[in-house]
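The values are calculated or read from the model by the stated rules, or taken from the named source; none is laboratory data. From a predicted model like this one, the values you see are computed outputs, not experimental measurements. Don't worry about glycine lacking a Cβ; one is built from the backbone with ideal geometry, like all the others, and counts go over all protein chains shown.
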């Protein structure tokens, strides 16, 4: 018995195990900010190779360059209205490599190598703290005050580790100083997973008018960086590290009078 001919277009057979692509991936990704993220990841990978090969000073500068690119990709995405969930997740993956794994390997090669398993544990905890910091940021990106980070951002933690190497690139020999470096890295890891507020500087509007005195201060900072780049950047980083605990103490001091007033009532 012959079947009657089918009328109308033939329906395509559904493929097995085919998952529909998300809408934002079907439309493509924003190229410009992603290029900055790729460059950030490249310099982080290059820093790992240099640290393993013993070129510690150049590895430190490569991580610093990756940090500059990481600061630019978000600002470029906001200025170009090219922000996306893909860009945020990809940026976090790149940051784990450039500011988690790379500085941990650099610090291990510089000071922790002869500490055995303790040095391995300190470097690993630094990476874990950085990854937790990034995961928490992605979860709470739409919550809280956009003017502040919750905890030390991972590029700041990486900079804190790298500046030690840039100040004195020669590997550490003194066993007591190696212990100090290990404790310092653990402190940085705790700052990254803490709830201390750190400024984001995302609300700085470079298009508005600023006082002329501030322009002179910026010129002085640029001149100091040109004259003594390592020491000037290290001083600026120390100020930023201390800013989080200081901001927390100021908030606690402001909240205390209101609490005392409520108890008096």
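Here are some residues: 166, 152, 170, 134. Which one is surrounded by 15 or more Cβ atoms within 10 Å (Cβ to Cβ) and over 11 Å from the mean Cα position of the chain (by Cα)?
Going through 166, 152, 170, 134 in turn, the sole match is 166.
It is to be established whether one or more residues within region 213-231 are surrounded by 15 or more Cβ atoms within 10 Å (Cβ to Cβ) and free of Cβ contacts under 8 Å to residues at least 12 places away in the same chain.
Within region 213-231, one or more residues are surrounded by 15 or more Cβ atoms within 10 Å (Cβ to Cβ) and free of Cβ contacts under 8 Å to residues at least 12 places away in the same chain.
Yes/no per residue for (1) part of a helix (DSSP H, G or I); (2) surrounded by fewer than 21 Cβ atoms within 10 Å (Cβ to Cβ); (3) under 12 Å from the mean Cα position of the chain (by Cα):
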site	(1), (2), (3)
43	yes, no, no
47	yes, no, no
50	yes, no, no
57	yes, yes, no
60	yes, no, no
63	yes, no, yes
75	yes, yes, no
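Using the structure shown, decide if residue 119 is closer than 27 Å to residue 251 by Cβ, modelled with pLDDT of 90 or more and assigned to a helix (DSSP H, G or I).
So residue 119 fails the test.
Just one of 100, 119 is touching a helix residue (DSSP H, G or I) at 6+ places or on another chain (Cβ under 6 Å) and more than 23 Å from residue 238 (Cα to Cα); which is it?
One residue alone meets the criteria, 119.
Can you name every residue in region 137-149 that is out of contact with any strand residue (DSSP E or B) (no Cβ under 6 Å at 6 or more places or on another chain) and either modelled with pLDDT of 95 or more or crowded, with 17+ Cβ neighbours inside 10 Å (or both)?
Passing the criteria: only 137.
Taking the condition in contact with a helix residue (DSSP H, G or I) (Cβ under 6 Å, 6 or more places away or on another chain) and crowded, with 20+ Cβ neighbours inside 10 Å, does residue 82 pass?
The answer is no for residue 82.
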